[in-house]
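The values are calculated or read from the model by the stated rules, or taken from the named source; none is laboratory data. The structure presented is a predicted model; accordingly, all values stated were derived computationally and were not measured. Methodologically, a virtual Cβ is constructed for each residue, glycine included, from the backbone with ideal geometry; neighbour enumeration extends over all protein chains shown.
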Amino acid sequence: MDGLVWLVVVLVAAGLVIAVVYNRLVKLRQNVREAWSAIDTELRRRYDLIPNLVETVKGYATHERETLEAVIAARNAAAANTGPPESQAQTENVLTGALRQLFALSESYPDLKANTNFQHLQAELTGTEDRISQARRFYNANVREMNTAVESFPSSLIASQFGFGPEQYFEMQDPAAREPVRVQF
């Protein structure tokens with residue numbers, strides 16, 4: 001009889017450990033999803049600002065059509081990419097490079113640099129870039145915590161049984177893309 005009681009106690013304890021670890025993994029997965037949502041919100045804000053910025057520049061730099069089209073194409077590609085963070089990071093790299101070209105173009109047009117609408121949009125975009133950077137750090141911290149839990153013993157045993165896997169970091173490939181878009185007047 002004592003052996004049966006101990007067996008029941010061990011099974012209940014094992015069940016509680018599994019439940020606690022499972023619930024922790026669920027919480028971590030939700031944290032990663034929430035953090036990704038914050039990045040997505042800021043990226044949407046960025047995508048909404050870019051057409052206004054391009055329209056402002058168009059009035060001053062009509063013969064720079066190729067640069068403006070590259071920015072819009074990069075913006076559309078980034079906005080349409082709903083793949084994993086690694087895929088989105090690649091399209092964001094292209095968009096950041098195109099924005100750098102656009103801001104470099106603005107240096108050639110003193111009237112454009114003095115335009116208050118351009119300055120306002122530029123400041124909004126710079127602020128958005130900073131928020132994206134902060135959201136990316138928050139997301140990657142949550143991914144690190146999730147991946148640590150998924151790969152650590154004994155939670156790795158439970159994670160594999162319930163379909164929890166490592167998450168992808170949101171990383172920029174181009175070192176220059178790690179910097180927020182800046183414009184110097």
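Side notes on the structure shown:
- Some residue of the range 74-93 being over 27 Å from Glu167 (Cβ atoms), touching a Lys or Arg at 6+ places or on another chain (Cβ under 9 Å) and part of a helix (DSSP H, G or I): no
- The numbered conditions (1) modelled with pLDDT under 90; (2) part of a helix (DSSP H, G or I); (3) closer than 29 Å to Ala114 by Cβ are all true for Tyr60 except (2).
- Checklist (1) closer than 18 Å to Ala89 by Cβ; (2) among the hydrophobic types (A, V, I, L, M, F, W, C); (3) in contact with a Phe, Trp or Tyr (Cβ under 6 Å, 6 or more places away or on another chain) applied to Leu25, failing item: (1)
- Hey, Leu43 in a helix (DSSP H, G or I) and farther than 30 Å from Val150 by Cα or not: no
- With respect to (1) closer than 27 Å to Arg44 by Cα; (2) surrounded by 18 or more Cβ atoms within 10 Å (Cβ to Cβ); (3) not polar (S, T, N, Q), the lone exception for His120 is condition (2).
- Filter pass, Arg29 being surrounded by fewer than 17 Cβ atoms within 10 Å (Cβ to Cβ) and under 30 Å from Glu151 (Cβ atoms): no
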